[in-house]
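What follows is a single structure, written as structure tokens, with notes after it.
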Amino acid sequence: LHFPISCGLRGEDATPSMYRLMACAGGFYMDYYRKMAAYYPDKKVLLERIYPVMLSTARFYIALAVENADGTITFGPSWAPEQGAIPAWNAANDLGLIKPLWQAVLQMEEELNITSPDGEKIAELLKKFPAYPQVDGEFIDSASEKGRTELCHPGYLACIVPGDDVDADSDLADVANKTLRGHLSHTCRKPLAGKIGSGCDLTWGWMLAAAVLGLI
């Protein structure tokens with residue numbers, strides 16, 4: 001039997017084939033729910049349909065988090081075709097989706113005036129949440145990488161969009177700006193006709209969304 005790890009609002013599978021091994025799949029799925037939770041007016045629907053699914057997914061990431069002796073946490077292993085290191089730890093794509101999900105669960109509990117042991121654990125782990133990996137003032141794919149990956153893929157922009165954690169007012173705005181501006185200059189997926197290209201079918205759209213929503 002084949003069960004999708006995550007799916008869109010119409011039930012389409014968002015994690016086919018090798019993407020079933022990327023840890024952020026649930027986080028992408030929860031992006032729909034997270035935004036519904038922020039704007040849906042019916043608290044009964046929030047309590048009975050949206051919150052339980054978000055909490056269950058958040059619980060998966062609690063189990064995935066490794067608490068280190070130095071007071072930090074590490075997520076992994078994770079793998080997706082666009083990543084460099086295999087396996088990858090603290091992949092930017094994962095961090096940029098886990099953090100907003102956890103924060104959204106706590107916001108929902110506050111709005112619904114409920115508490116849960118999982119919510120208490122999330123609040124504790126958020127204080128130990130790892131930094132988004134970067135080198136030379138630019139975001140990179142994961143903490144397992146020593147520098148930029150050569151593949152033209154913007155997964156390390158997840159903290160900007162869809163994660164909504166970094167914007168023009170963030171302390172990391174300059175890092176995001178440099179990452180966006182430098183991305184196409186050090187990718188191996190440039191077009192033959194010139195130096196400006198997207199390479200990946202979703203790269204240009206992701207970068208545009210990050211630029212508009214996060215930095216302008």
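Here GLU150, GLU67, GLU138, GLU120 are screened, and the one residue that is under 26 Å from ASP167 (Cβ atoms) and more than 15 Å from the chain's Cα centre (by Cα) is GLU138.
Quick check on region 128-143. Is at least one of its residues outside any loop (DSSP other than H, G, I, E, B), of a type in the set (D, E, K, R) and in contact (Cβ under 8 Å) with a residue 24 or more places away in the chain? For region 128-143, residues outside any loop (DSSP other than H, G, I, E, B), of a type in the set (D, E, K, R) and in contact (Cβ under 8 Å) with a residue 24 or more places away in the chain: present. The sole residue among TRP102, TRP89 that is open to solvent by 60 Å² or more (accessible area, probe 1.4 Å), modelled with pLDDT of 90 or more, of a type outside the set (Asp, Glu) and within 24 Å of ALA58 (Cα to Cα) is TRP89. Summed over region 144-179, the residues that are open to solvent by 10 Å² or more (accessible area, probe 1.4 Å) and assigned to a loop (DSSP other than H, G, I, E, B) give a count of 19.
When restricted to residues that are within 20 Å of ALA63 (Cα to Cα) and of a type in the set (Ser, Thr, Tyr), region 21-41 contains 1.
Cβ-Cβ distances below 6 Å connect the following pairs, each with a first residue in region 20-33 that is modelled with pLDDT of 80 or more, a second residue that is assigned to a helix (DSSP H, G or I) and of a type in the set (D, E, K, R), and a separation of six or more residues or different chains: ALA23/ASP94; CYS24/ASP94.
The values are calculated or read from the model by the stated rules, or taken from the named source; none is laboratory data. Remember, it's a predicted structure, so these values are computed and weren't measured experimentally. Here Cβ is always computed from backbone atoms with ideal geometry, including for glycine, and neighbour counts include all displayed protein chains. Note: areas computed on protein heavy atoms with side chains; ligands, DNA, RNA excluded. Shrake-Rupley method; radii C 1.70, N 1.55, O 1.52, S 1.80 Å.
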